[in-house]
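*Asks:* My structure is below; once you've seen it, I'll send some questions.
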């Protein structure tokens, strides 16, 4: 009988430790998963100017990075901001194209957009435009010509 009581005590102790680890660990992990916040991409098209996007990620110090699409016209005037905070099935439409890849396990994550036949990839360490990496610098402006 002594061995049976000992087994229940061990099981109860293991359960209490697992529960405590979950109650402490889960909120901590969720905080670190979302603390930096999402990428914010503003899509703008006006009648007299080429379409452009502006990328912001304040927690990483990335602000007002503009990518201008020269030589193309957007189907309609647009002013829309998308915060890529929630996972969803890809591809899905965005103004000027579609989002083809989304990894938001730890925000801001990785967002890949196909816009006017250009691949724009937003990563915390770098910006990739058509496979060429660019260092993030706030206020940068990139002008893209239509692909051949």
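Rule-based calculations on the coordinates, nothing more; no lab input. Here the structure is a predicted model, which is why all the values come from computation and not from measurement. Cβ placement follows ideal geometry from the backbone for every residue including glycine, while neighbour counts extend to all protein chains displayed.
*Asks:* I need the calculated FRET efficiency for the pair residue 60 and residue 18, taking r as the beta carbon distance and R₀ as 30 Å, to the nearest 0.05. Each step should come with its number before you reach the end.
*Replies:* Values: r = 35 Å, r/R0 = 1.17.
Calculated transfer efficiency: 0.30.
*Asks:* Give me the angle, in degrees from 0 to 90, between the Cα long axis of helix 2-34 and the longest principal axis of the Cα atoms of the chain, rounded to the nearest 10.
*Replies:* 20 degrees
*Asks:* So if we plug the beta-carbon distance of residue 86 and residue 11 into 1/(1 + (r/R0)^6) with R0 = 35 Å, what FRET efficiency do we get, rounded to 0.05?
*Replies:* On the way: r = 39 Å, r/R0 = 1.10.
Result of the calculation: an efficiency of 0.35.
*Asks:* Between 14, 74, 85, which gets the highest mean-square fluctuation from a Gaussian network model of the chain, Cα cutoff 10 Å?
*Replies:* Judging by the Gaussian network model, the answer is 14.
*Asks:* So which residue, out of 80, 59, 12, gets the largest mean-square fluctuation from a GNM of the chain using Cα contacts under 10 Å as springs?
*Replies:* Comparing 80, 59, 12 in a Gaussian network model of the chain, the most mobile one is 12.
*Asks:* Among 29-40, 130-141, how do they line up from the highest to the lowest mean number of other beta-carbon atoms within 10 Å? Intermediate results must be reported in sequence, preceding the final value.
*Replies:* On the way: 29-40: 14.2, 130-141: 11.2.
Order by mean packing, descending: 29-40, 130-141.
*Asks:* For the stretch 1-134, just the Cα atoms, rotate onto the principal axes and tell me the three extents in Å, largest first.
*Replies:* If we take the Cα atoms of the stretch 1-134, the spans are 86, 28, 27 Å.
*Asks:* Please find the FRET efficiency linking residue 32 to residue 134, where r is the Cβ-Cβ separation and R0 is fixed at 35 Å, and quote it to the nearest 0.05. Intermediate values should be presented prior to the final figure.
*Replies:* Working: r = 27 Å, r/R0 = 0.77.
So, using R0 = 35 Å, E works out to roughly 0.80.
*Asks:* Moving on to the next point. Among 61, 109, 97, determine the one that fluctuates most according to a GNM of the chain built with springs between C-alpha atoms less than 10 Å apart.
*Replies:* Judging by the Gaussian network model, the answer is 61.
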